[in-house]
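Chemist: Starting off with a structure, shown below.
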Amino acid sequence: MTKKLESLFGFEQTVDAEEAQPQTTEETRAAIVEIDATIDKIDQALPAVRDLDSSDRELDDIATKATETFENLTDLGFNVDSRYAAELFAVAGTMLGHALTAKTTKLQKKLKMLDLQMKKMKLDQDAAKNSSQDPTVETAHGQVLSRNDLLERLIGDRSKD
């Protein structure tokens, strides 16, 4: 922005001396440790998820009742006059839809839980991998060689064998 626009809109660009200087590795690590501690406190404060099995049982009960009601209404629809049977079959179809929705909801919940567990395992593995690698430790040594030097080494290795 230009100075004229800054003064017109009342913006002032001030840069803190602390923000302008890059942080050292130790400062960054200290900040990460502090953030991890805060995340752990938040995790401990959140209540644990309970009664996942009870909701599964409830969805199974709903599906069972809806299926039984569908069967009862279908039997009744076959035993009544044809002008009333259409409405009974429509309601029976709705009951079957409710049973299907209950089963689908249960499956989606299980898939979501599996997905979350897999994501957590991936994060844990990445965190373990990153914490075990120290950026100051060298993992390999290399040399820059010309094509001719490389060929001489390869030919030299063959002649020794």
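The values are calculated or read from the model by the stated rules, or taken from the named source; none is laboratory data. Given the structure is predicted, the values throughout are model-derived calculations rather than measurements. No Cβ is skipped: glycine too gets one built from the backbone with ideal geometry, and neighbour counts run over all protein chains shown.
Chemist: Do we find that residue 79 is more than 30 Å from residue 36 (Cβ to Cβ), of a type in the set (S, T, N, Q) and touching a helix residue (DSSP H, G or I) at 6+ places or on another chain (Cβ under 9 Å) in this structure?
Modeler: When the stated conditions are applied, residue 79 passes them.
Chemist: Okay, next question. I need every pair where a residue in the range 95-119 that is closer than 28 Å to residue 69 by Cα has its Cβ under 6 Å from the Cβ of a residue that is β-branched (Val, Ile, Thr), sequence separation at least 6 or different chains.
Modeler: These pairs meet every condition: 95/69; 99/67; 102/62.
Chemist: Do we find a residue being at pLDDT below 65 and among the acidic types (Asp, Glu) anywhere in the range 28-39?
Modeler: no
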